[in-house]
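*Asks:* Let me give you the structure first, and then I'll get to my questions.
The values are calculated or read from the model by the stated rules, or taken from the named source; none is laboratory data. Everything numeric here is computed off the predicted structure, so don't read it as measured data. Backbone-built Cβ (ideal geometry, glycine too); neighbour counts: all protein chains shown. For the accessible areas, the whole protein counts, side chains as well, though only heavy atoms, and no ligand, DNA or RNA atoms are used. Shrake-Rupley method; radii C 1.70, N 1.55, O 1.52, S 1.80 Å.
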Amino acid sequence: MSLKDKLDELHQRGLAEIKKSTDLKDVNQVRVSLLGKKGPITEVLRGMRDLDAEERPKVGAFANEIRDDLTAALTKRREELENAVLNARLANETIDVTLPGTPVAKGEPHVIQQIIDQIEDLFLGMGYQVLSGPEVEEDKYNFEMMNLPKNHPARDMQDTFYITKEILMRTQTSPMQARTLEKHDFSQGPLKMISPGVVYRRDTDDPTHSHQFHQVEGLVIDKHITMADLKGTLQVLAHELFGDKFDVRLRPSYFPFTEPSVEADITCFNCGGKGCNVCKNTGWIEVLGAGMVHPNVLKMAGVDPDVYGGFAFGVGPDRFAMLKYGVDDIRNFYLNDVRFLTQFTKKG
Amino acid sequence: MKISYNWIKEYLDLDVKPVDLAEKIERTSVEVDDVVTPSEGLKKIVVGHVLSVEAHPDSDHLHICQVDVGEDEPLQIVCGAPNIAKGQMVIVALPGSRIAGNVKIKKSKMRGIPSAGMICALQEIGFSDDVVPKDYVDGIYVLPADATPGDDVYDYLGMNDSLIDLDVTPNRGDMLSLNGTLRDLAAIYDKPVTLDQPEVKETGEAIADQLTIHADADLAPQYRMRLVKQVKITPSPMWLQIRLWNAGYRPINNVVDITNYIMLKYGQPLHAFDYDKFAGQDVYVRNAKAGEKLTTLDEGEHDLDDHDIVIADDQAPIALAGVMGGLTTSITDETTTVAIEAAVFEHDHIRKAAQRHNLHTDASQRFERGINRAGVQDALDAAAEMMTDLADGVVQTGTAVGSDNVPEPAVIPLSLTHVNAVLGTTLELAKVVHILESLGFTVATAGEDMTVTVPIRRNDIHIPADLLEEIARIYGYDELPTTLPTGRMTMGTLTSAQKLMRATRHSLEGLGLNQAISYALTTADKAKMFMMQPSAETDLAWPMSTDHAVLRMNVVTGLLDDIAYNTARKVKDVALYEQGRVFYREDGNDRPSEEEHIAGAITGTLMPAGWNQPAKDVDFYQIKGIVAAYLKDMAINGDVTYEANADMPEMHPGRTADILVHGHRIGFMGQVHPTIAKKFKIGATYVFELNLQAIIDMPKQENQYDVISRYPAITRDIAMLVPDEVTNDQIVALIEKRGGAFLQSVKLFDVYDGVKVPKGKKSLAYTLTYQDKHETLVDDAVTQAFEKVEKRLQDDLGAEIR
Ligand SMILES: [Zn+2]
């Protein structure tokens, strides 16, 4: 038997042994027995020295070829067996993926905060500043400079928490209008601001009244601001907060600090405008008050009403939240039942 | 004010349904509360003629009536009304009918006697108690004798009319009348309207010989009276009663009803006095004198003072001007001479008087808003005319006038450019002029400049902006273009304080706390708990309740209230934070200063027990973990340290720490004192409160890239026994100070205080991590440094290395 034939035979026998091996230990034994230092291939190669110089490299190359092939076969077999072992283990590790996930501590922003943030972001994008004023105000800023002199009928003592005759809990965030107007330098640009915050009214708490609630006041003053601009701004606000399919309409109203004054209604959430008992069959729901800033307000703040003018609006985030989410009791916002607070989790 | 659709239609040719008319008013003029047609929802309610009335054999108050309802056979109806009588025309709810409140009437038996339907009181078919004529309040209503049995009752009672309830804003006093509403509608629909002109027949003696008025024109710019003699007090005719009850007024008698009717029509409150009850022939409009008293029509007794305006005769006040008449001179069935008062009182006085005496009447409401000073005589004449027609009265010749101040009409310049510049419109001059004229204003033009003269009745219009509103609303807000402000650009950015407040909220939410918004007005007790600095309390002058009477000086108590609310509702795991203001006041100042605070409170467990993890009750170290993580997020430039504080009365003395930055106290945290927790009815609760303003004001670290070393780190663990009073902070500080150049971090990994440790000692174990950023550390260098630390721990802190 020639060396080559021996090698051929070794090759065939080796492949058969590899194929037969059933676990990693087998594979290892086969490897040692075939390719080890005392293995048959080494043995055969040792016999090469008896060959003539011409044959020797040929047989050497052949022997290497066979060794490589067996090595590859061993590797492949080992991988096959390893995979089988792994698969068996993984099959064993199967879990019920429908069991609940491990809870993660996570808090939610208050629903009113979410609405305020949304309003802030919208108006920041339109170049407004966000300003917050004191919650304990002077009568002067809360009323007088808003064109509500002391004996004004719209100014009912019943509605205001006074601390002294001149100091009170602000009933609206409008005082920031006056405070800002007084300071604004119109040579540096128009005044565009919103003022969010807590306000207070002397009310008994019930499902629709709260002695504490929120307001976002908006104000734009420049040389050429129109009522059409007010209408457009309120429409953008309604679309941002409620969605594009909501329309805005204006109705005449009365506020001492604006003239003309309007109430803005938006399409009823409940019926989409068809009419239902929520909207008293009008298809519309009153959401905010607005108007063109009264010349007296500008004058009192030292702004010339013949040159400058603009609009103001006041939004109630509590009312918005009640409408948007169907909250039926305003007190929910201030009692902080965790089951209430964690209902408003939609982000973005 | 409830205004009748039918009444409007008598004057204006409108082809619109009541709901559409109401919608138009709401869109153009004033708010509409609702539109009601009283007959709506009622069914099968007809006129019945009572043919006979017999006593019920088994009842002392029920009667068995045979009632003709226009059918072949009369119906037998058992009726319990005390005023039922044979021959009456009555309201019958037939079997199968529906009455007020959606109640169905069926055939039934009453004490054994079959009864086919029901004879109704007005209240039973939807009338409010307040408008039912006195005679019929406690019984059935009796219809006029000429009613036809079997007819629906609705038209007899005015119930097919529609009533539009206007919610008139304070500026639109003119809309509190039919005439004012008609004028607005005429402009809205662009239709002509002709209002009634009164025609008085003065057939009596001269009034001057019978009545003299002395009026202070400052108190009553207009004060007039007419005298009507020989009046016969009777019930008003049906049409007048219907007008009144549909407007929400109870019909009383012809004279009183006429005054209310004229008020509804003209907006001018009137008062009818019984002239014969006057002491003398002189009437005074003056301030009351201290000590004077007046009993008003509603039998209320009022002590007067010199703030009140009264109408008085020679002896005493006879009316609280503009609010309510006095009882002694009121109209009774015996009255024969009526003095009708038509006046305008100063609105501020009336407002205050109505408040002071808690008498808010329809008259005072109109005076407060201001009424048409130019229309006083018309209203007075119309009332006198009606007293002739409906009470056979003889109107005395002339009007007694105490004061006659009519202001000049407002004359307002207005330019077309201004109109379009403010409204954002491109209206033409003719259009603007037409709108103003349709409202009854007079417009003179010179080029694009207008001069607008406003009728006295529109006392709400003084300046160009007022005219803009008139133009805008009549033109229609829907017609305005929709644009956004243009002009110079502005930047919209949050200030760094606002950004930090947002970051604060996001950080705490990420740490598992829900945002709460609690009441800032609280009880005097709670307001001054958990104080972080001394302050006087700030009280409301007239709180609504003691629960919300004082401005808070801490945020924590609001959160404890919230936890109590949750606890009472069996919600045991609560984690809240609140960002809000506290109000500190210095003695001597009226006004407190406002400081932004941030507070948190946790109770129960932060992470509830699940199927794969046990619950872990909240503890000090959890609230501390939250505070530390939050403060790390805020990147304050300076060391944050925690010092035990045993002195806060509301906090657990052994589980409370002050929070310091650079040694400056910015807040506290720890466990609420068990006795306080008990007061709030809550379980073990851990809280923190921080001065957020201080955090805003402190300098911050900027984020900076730090090279991550490629060289391996070496760790060494050290366990030691130390005396109980040695704190972790001391040990860590010492290790950090003596750890050498390569010490990167010190991490506590075990604390043991159990039985295996000698009394008075505790066991602590730390992992020290060493690393060189520039080359591989050699073991020897670490060993050297580590041994040094061991020695210092033994020497300085008495540690026993284990
Ligand atoms: Zn609706």
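*Asks:* Across region B:714-757, what is the number of residues that are part of a loop (DSSP other than H, G, I, E, B) and not β-branched (V, I, T)? If you could, list the steps in order and put the result at the bottom.
*Replies:* Start the filter on region B:714-757 by keeping residues that are part of a loop (DSSP other than H, G, I, E, B), which leaves B:724-727, B:739-742, B:753-757.
Filter again for not β-branched (V, I, T), leaving B:724-725, B:739-742, B:753-754, B:756.
Within region B:714-757, residues that are part of a loop (DSSP other than H, G, I, E, B) and not β-branched (V, I, T) number 9.
*Asks:* Does region A:198-218 contain at least one residue that is assigned by TED's automatic domain parsing to the domain that holds A:K324, basic (K, R), under 30 Å from A:D328 (Cβ atoms) and within 16 Å of the ligand (Cβ to nearest atom)? Even if it seems obvious, please write down each step before you answer.
*Replies:* Kept after step one, since they are assigned by TED's automatic domain parsing to the domain that holds A:K324, are these residues of region A:198-218: A:198-218.
From what is left, the residues that are basic (K, R) are A:201-202.
Of the ones still in play, those that are also under 30 Å from A:D328 (Cβ atoms) are A:201-202.
The next check asks that each one be within 16 Å of the ligand (Cβ to nearest atom); those that pass are none.
No, every residue in region A:198-218 fails to be assigned by TED's automatic domain parsing to the domain that holds A:K324, basic (K, R), under 30 Å from A:D328 (Cβ atoms) and within 16 Å of the ligand (Cβ to nearest atom).
*Asks:* Kindly provide the set of residues from region B:588-604 that are open to solvent by 40 Å² or more (accessible area, probe 1.4 Å) and either touching a strand residue (DSSP E or B) at 6+ places or on another chain (Cβ under 6 Å) or part of a strand (DSSP E or B) (or both), ordered by number. Before the answer, list the steps.
*Replies:* Step one: of region B:588-604, the residues open to solvent by 40 Å² or more (accessible area, probe 1.4 Å) are B:588-591, B:593-594.
Within region B:588-604, B:D590, B:R591, B:S593, B:E594 meet the criteria.
*Asks:* Of all residues in region A:126-160 being part of a helix (DSSP H, G or I) and of a type outside the set (D, E, K, R), which is farthest from the other protein chains (Cβ to nearest Cβ)? I'd like the intermediate steps shown before the answer.
*Replies:* Restricting attention to region A:126-160, the residues satisfying the condition of being part of a helix (DSSP H, G or I) are A:139-142, A:144-146, A:157-159.
Now narrow it down to the ones that are of a type outside the set (D, E, K, R): A:141-142, A:145-146, A:157-158.
Working: A:Y141: 12, A:N142: 12, A:M145: 17, A:M146: 15, A:M157: 8, A:Q158: 9 Å.
That would be A:M145.
*Asks:* Also, quick follow-up: Do you know which residues across region B:409-423 are away from every other protein chain (no Cβ under 12 Å) and aliphatic (A, V, I, L, M)?
*Replies:* Selection gives B:A410, B:V411, B:I412, B:L414, B:L416.
*Asks:* Restricting attention to region A:200-226, which residues are closer than 30 Å to B:G487 by Cβ and either open to solvent by 40 Å² or more (accessible area, probe 1.4 Å) or in a strand (DSSP E or B) (or both)? Quick ask: steps written out before the conclusion?
*Replies:* Taking region A:200-226 and keeping what is closer than 30 Å to B:G487 by Cβ, we get A:214-226.
The answer is A:H214, A:Q215, A:V216, A:E217, A:G218, A:L219, A:V220, A:I221, A:D222, A:K223, A:H224.
*Asks:* Out of the residues in region A:284-295 meeting the condition of being within 10 Å of another protein chain (Cβ to nearest Cβ) and modelled with pLDDT under 95, tell me which one is farthest from the ligand (Cβ to nearest atom). Even if it seems obvious, please write down each step before you answer.
*Replies:* Going residue by residue through region A:284-295, those that are within 10 Å of another protein chain (Cβ to nearest Cβ) are A:284, A:286, A:291-295.
Checking the rest, the ones that are also modelled with pLDDT under 95 come to A:284, A:286.
On the way: A:W284: 8, A:E286: 12 Å.
Only one residue tops the list, namely A:E286.
*Asks:* Test each condition in (1) touching a residue at least 40 places away in the same chain (Cβ under 8 Å); (2) facing another protein chain (nearest Cβ under 7 Å) for B:R488 and report the one that comes out false.
*Replies:* For B:R488, the exception is condition (1).
*Asks:* Shifting gears a bit: Collect the residues in region B:565-587 that are among the aliphatic types (A, V, I, L, M) and surrounded by fewer than 19 Cβ atoms within 10 Å (Cβ to Cβ), keeping them in residue-number order. Outline the logic, then answer.
*Replies:* Of the residues in region B:565-587, the ones among the aliphatic types (A, V, I, L, M) are B:568, B:571, B:574-576, B:582.
Scanning region B:565-587 gives B:A568, B:V571.
*Asks:* Looking at (1) more than 11 Å from every other protein chain (Cβ to nearest Cβ); (2) assigned to a loop (DSSP other than H, G, I, E, B), which one does A:L181 not meet, given that it meets all the others?
*Replies:* (2) is the only condition that A:L181 fails.
*Asks:* Sticking with this one: Can you tell which of A:T282, A:T345 is more than 30 Å from the chain's Cα centre (by Cα) and either buried (at least 23 other Cβ atoms within 10 Å of the Cβ) or polar (S, T, N, Q) (or both)?
*Replies:* On inspection, the qualifying residue turns out to be A:T282.
*Asks:* Across region B:235-264, which residue is farthest from B:S177 (Cα to Cα) among those that are within 33 Å of the chain's Cα centre (by Cα) and surrounded by fewer than 20 Cβ atoms within 10 Å (Cβ to Cβ)?
*Replies:* In this case the residue turns out to be B:R250.
*Asks:* What number of residues within region B:72-113 are surrounded by 19 or more Cβ atoms within 10 Å (Cβ to Cβ) and part of a strand (DSSP E or B)?
*Replies:* 13
*Asks:* When region A:245-272 is examined, which residues are found to be of a type in the set (F, W, Y) and under 25 Å from A:I221 (Cα atoms)? Talk me through it step by step, then tell me what you get.
*Replies:* Let us first name the residues in region A:245-272 that are of a type in the set (F, W, Y), namely A:246, A:254-255, A:257, A:269.
Selection gives A:Y254, A:F255, A:F257.
*Asks:* Considering (1) assigned to a helix (DSSP H, G or I); (2) open to solvent by 60 Å² or more (accessible area, probe 1.4 Å), say which one B:M607 fails and leave the rest.
*Replies:* Among (1) assigned to a helix (DSSP H, G or I); (2) open to solvent by 60 Å² or more (accessible area, probe 1.4 Å), B:M607 violates only (1).
*Asks:* Could you list, in sequence order, all residues of region B:384-427 that are assigned to a strand (DSSP E or B) and farther than 25 Å from B:N372 by Cα? Steps first, please.
*Replies:* Initial filter on region B:384-427 (assigned to a strand (DSSP E or B)): B:394-397, B:400-404, B:411-415.
Matches in region B:384-427: B:V394, B:S415.
*Asks:* Now, a different point. Criterion first (of a type in the set (D, E), in a loop (DSSP other than H, G, I, E, B) and surrounded by fewer than 19 Cβ atoms within 10 Å (Cβ to Cβ)) does B:D130 satisfy it? Write out each step before concluding.
*Replies:* Values: of a type in the set (D, E): yes; in a loop (DSSP other than H, G, I, E, B): no; surrounded by fewer than 19 Cβ atoms within 10 Å (Cβ to Cβ): yes.
No; evaluated as a whole, the condition is false for this residue.
*Asks:* Which of the numbered conditions does A:L298 fail, given that it passes all the others? Conditions: (1) among the hydrophobic types (A, V, I, L, M, F, W, C); (2) more than 16 Å from the ligand (Cβ to nearest atom); (3) open to solvent by less than 10 Å² (accessible area, probe 1.4 Å); (4) at pLDDT below 95.
*Replies:* Every condition holds for A:L298 apart from (4).
*Asks:* Now for a different question. What number goes with the only condition from (1) modelled with pLDDT under 90; (2) more than 25 Å from B:V640 (Cβ to Cβ) that B:Q704 does not pass?
*Replies:* (2)
*Asks:* Return the pairs, sorted by first residue and then second, in which the second residue is at pLDDT 95 or above and part of a loop (DSSP other than H, G, I, E, B), the first residue lies in region B:503-525 and is more than 10 Å from chain A (Cβ to nearest Cβ), the beta carbons are less than 6 Å apart, and the residues are 6+ apart or on different chains.
*Replies:* Listed pairs, sorted by first residue: B:T522/B:R552.
*Asks:* Just checking, how many residues over region A:304-329 are open to solvent by 10 Å² or more (accessible area, probe 1.4 Å) and of a type in the set (A, V, I, L, M, F, W, C)?
*Replies:* Total meeting the criteria: 4.
*Asks:* If the requirement is being open to solvent by 20 Å² or more (accessible area, probe 1.4 Å) and in contact with a Leu (Cβ under 9 Å, 6 or more places away or on another chain), which of these qualifies: B:E341, B:E346, B:E334?
*Replies:* On the way: B:E341 fails: open to solvent by 20 Å² or more (accessible area, probe 1.4 Å); B:E334 fails: in contact with a Leu (Cβ under 9 Å, 6 or more places away or on another chain).
Criteria check complete, one pass: B:E346.
*Asks:* When the residues of region B:610-649 are narrowed to those that are of a type outside the set (D, E) and part of a strand (DSSP E or B), which ends up surrounded by the fewest Cβ atoms within 10 Å (Cβ to Cβ)?
*Replies:* Here is the first cut: in region B:610-649, the residues of a type outside the set (D, E) are B:610-616, B:618, B:620-632, B:634-638, B:640-642, B:644-646, B:648-649.
Pick out the ones that are also part of a strand (DSSP E or B) and you get B:610, B:613, B:636, B:640-642, B:644.
Working: B:G610: 13, B:Q613: 11, B:I636: 18, B:V640: 15, B:T641: 14, B:Y642: 18, B:A644: 13.
In this case the residue turns out to be B:Q613.
*Asks:* So, one more: Is it fair to say A:G310 is within 18 Å of A:I194 (Cα to Cα), in contact with an Asp or Glu (Cβ under 9 Å, 6 or more places away or on another chain) and in the same structural domain as A:G232 (by TED's automatic domain parsing)?
*Replies:* Numbers: within 18 Å of A:I194 (Cα to Cα): yes; in contact with an Asp or Glu (Cβ under 9 Å, 6 or more places away or on another chain): yes; in the same structural domain as A:G232 (by TED's automatic domain parsing): yes.
When the stated conditions are applied, A:G310 passes them.
*Asks:* Restricting attention to region A:234-283, report how many residues are under 19 Å from A:A321 (Cα atoms), more than 8 Å from chain B (Cβ to nearest Cβ) and more than 15 Å from the ligand (Cβ to nearest atom).
*Replies:* Within region A:234-283, residues that are under 19 Å from A:A321 (Cα atoms), more than 8 Å from chain B (Cβ to nearest Cβ) and more than 15 Å from the ligand (Cβ to nearest atom) number 10.
*Asks:* Sticking with this structure for a sec: So, of the residues in region A:84-125 that are over 25 Å from A:M322 (Cβ atoms) and of a type in the set (D, E), which turns out to be farthest from the other protein chains (Cβ to nearest Cβ)?
*Replies:* Out of the qualifying residues, it is A:E93.
*Asks:* Look through A:L7, A:L15, A:L70, A:L81 and report the one residue that is in contact (Cβ under 8 Å) with a residue 60 or more places away in the chain, assigned to a helix (DSSP H, G or I) and surrounded by 13 or more Cβ atoms within 10 Å (Cβ to Cβ). Even if it seems obvious, please write down each step before you answer.
*Replies:* Values: A:L7 fails: in contact (Cβ under 8 Å) with a residue 60 or more places away in the chain; A:L15 fails: in contact (Cβ under 8 Å) with a residue 60 or more places away in the chain; A:L70 fails: in contact (Cβ under 8 Å) with a residue 60 or more places away in the chain.
So the residue among A:L7, A:L15, A:L70, A:L81 that is in contact (Cβ under 8 Å) with a residue 60 or more places away in the chain, assigned to a helix (DSSP H, G or I) and surrounded by 13 or more Cβ atoms within 10 Å (Cβ to Cβ) is A:L81.
*Asks:* If you don't mind, another one. Can you pull out the residues in region A:18-54 that are surrounded by 14 or more Cβ atoms within 10 Å (Cβ to Cβ) and not in a helix (DSSP H, G or I)?
*Replies:* Once the filter is applied, which keeps residues that are surrounded by 14 or more Cβ atoms within 10 Å (Cβ to Cβ) and not in a helix (DSSP H, G or I), region A:18-54 yields A:S21, A:G39, A:L51.
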